[in-house]
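Each remark here refers to the structure printed beneath this line.
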Amino acid sequence: MTSRLMTSRLRKVVFPVAGLGTRFLPATKVVAKEMLPVLDRPLIQYAVDEAIDAGADTLVFVTNRYKHAIADYFDKAYELESKLEQAGKNELLAAVQDTVPRHVRCVFVTQPEALGLGHAVLCAKPVIGDEPFGVILPDDLIVNGPQGGGRAGALRQMAEAAIREDAGVIAVEEVPREATGKYGIVDAAPVSDRAARIRMVIEKPRPEDAPSNLAIVGRYVLPGRIFELLEKTTPGAGGEIQLTDAIEMLLAERPVLAWRFEGTRYDCGSKLGLVKATLAMALADPALADATREFIREWN
Ligand code: UTP
């Protein structure tokens, strides 16, 4: 008998941000992909806001030794803050100071080598311990309503489902059949409108081998047990330690749900996704919407 996965709120969220970001080279030679902005906020800020919306008070960033910018971004910027204060620029000062609320702590862990997403999550083990935790891949930006619109973010929806159903929860989205080779794909039996119990996961199947077109996207709620399973995982597709391989083992021990989240996902790990996210956010911003619409019309 396994104990309950989670009885109260989700406290800890891991952000694996140690990938090489090759699709945005040469920019990612010096700028971490997660620092690329959608309008005036970097991708990591949207991800952190979603984690805090889900109840998190401990944010664990798994970085590599080149990604100082992420730690700097969440640190205090003494000189900038005093200049803004002297100039009476209070709104800007608040934007700079409010990257994380005071009750939230940020922990930085290094992934010594980019050995895959599963390995990056395993690097967070000393901070997470045996607790359930969330994982957000910041390059999957998920917006629920324009700029959130006060509705529950994807991770909050998933944390609530994890408590209600006593199950691990993984975000999924329907993708075109021909795109299954880019994702982990689940085979799952529907249990409600948004939830389905996962029977099997398969990493990057060819369309003809895919059991469905339900693709795993960058949000997970997992038990601490996943670390022991990751330690047993041998390198899979692409020589990397795959999180999906450990999830496959977890399925034998406890229920894991595929969650069709409410919201719109932008794949900001790709150039087109980043362009779409930027346009969508501009159209949702009253200060930019009319001019953006006019600009798009000129191109039609
Ligand atoms: P991606 O597959 O998007 O790889 O990783 P990438 O290196 O970030 O980008 P491209 O494909 O080369 O352009 C998915 C997530 O897993 C993290 C990445 O930072 C991203 O959030 N990751 C991946 C790690 O933290 N470590 C790894 O070893 C691999």
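The values are calculated or read from the model by the stated rules, or taken from the named source; none is laboratory data. Note that this is a predicted model, so its numbers are computed, not measured. Using ideal geometry, Cβ is built from the backbone for each residue, glycine included, and neighbour counts are taken over all protein chains shown.
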- request: Give me the pairs, please: first residue somewhere in the stretch 109-130 and closer than 18 Å to Lys12 by Cβ, second residue anywhere and within 6 Å of the ligand (Cβ to nearest atom) and β-branched (Val, Ile, Thr), beta-carbon distance under 6 Å, and either six or more positions apart or on two chains.
  value: Val109/Val62; Gln111/Val62; Ala120/Val62; Cys123/Val62; Ala124/Val62
query: When only residues in the stretch 112-127 that are assigned to a loop (DSSP other than H, G, I, E, B) and more than 18 Å from the chain's Cα centre (by Cα) count, which is surrounded by the most Cβ atoms within 10 Å (Cβ to Cβ)?
result: Leu115
task: Go through the stretch 25-42 residue by residue and tally those that are touching a residue at least 12 places away in the same chain (Cβ under 8 Å) and within 18 Å of the chain's Cα centre (by Cα).
output: 7
- request: Name, by its number, the condition in (1) out of contact with any Leu (no Cβ under 6 Å at 6 or more places or on another chain); (2) over 30 Å from Arg151 (Cβ atoms); (3) aliphatic (A, V, I, L, M) that does not hold for Leu84.
  value: (1)
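Just to be sure I understand, how many residues within the stretch 60-74 are of a type in the set (A, V, I, L, M) and more than 14 Å from the ligand (Cβ to nearest atom)? Steps first, please.
So the first thing to find is which residues in the stretch 60-74 are of a type in the set (A, V, I, L, M), and the list is 60, 62, 69-71.
Filter once more, keeping what is more than 14 Å from the ligand (Cβ to nearest atom): 71.
Qualifying residue count for the region: 1.
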message: Checking Asp130 against (1) surrounded by fewer than 13 Cβ atoms within 10 Å (Cβ to Cβ); (2) part of a helix (DSSP H, G or I), only one condition comes out false. Which one?
response: (2)
Matching residues in the stretch 201-237 - criterion: being farther than 24 Å from Ala159 by Cβ and in contact with a strand residue (DSSP E or B) (Cβ under 9 Å, 6 or more places away or on another chain): Ile202, Glu203, Lys204, Pro205, Asp209, Ala210, Pro211, Ser212, Asn213, Gly236, Ala237
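Could you tell me whether any residue of the stretch 190-197 is of a type in the set (D, E, K, R), closer than 17 Å to Glu248 by Cβ and surrounded by fewer than 19 Cβ atoms within 10 Å (Cβ to Cβ)? Before the answer, list the steps.
Step one: list which residues in the stretch 190-197 are of a type in the set (D, E, K, R), which gives 193-194, 197.
Adding the requirement that they be closer than 17 Å to Glu248 by Cβ leaves 197.
Next, from what is left, pick out any that are surrounded by fewer than 19 Cβ atoms within 10 Å (Cβ to Cβ): 197.
Scanning the stretch 190-197, I find at least one residue that is of a type in the set (D, E, K, R), closer than 17 Å to Glu248 by Cβ and surrounded by fewer than 19 Cβ atoms within 10 Å (Cβ to Cβ), so the answer is yes.
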field: Residue under evaluation Gly55, criteria (1) on the phi < 0 side of the Ramachandran plot; (2) away from the ligand (no atom under 14 Å from the Cβ), criterion not met
entry: (1)
message: List the strands (runs of 3 or more DSSP E) inside the stretch 138-218, counting only whole elements, that have at least 3 residues being not aliphatic (A, V, I, L, M).
response: 168-174, 184-190, 195-203
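Which ones in the stretch 3-14 are farther than 7 Å from Val62 by Cβ and either free of Cβ contacts under 8 Å to residues at least 60 places away in the same chain or within 16 Å of the ligand (Cβ to nearest atom) (or both)?
Selection gives Ser3, Val13.
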task: Being closer than 20 Å to Pro138 by Cα and at pLDDT below 95 is the filter; apply it to the stretch 214-242 and report the residue that is surrounded by the fewest Cβ atoms within 10 Å (Cβ to Cβ).
output: Glu240
Subset of the stretch 1-28 that is of a type in the set (S, T, N, Q) and within 13 Å of Lys271 (Cα to Cα) - its residue that is surrounded by the most Cβ atoms within 10 Å (Cβ to Cβ): Thr28
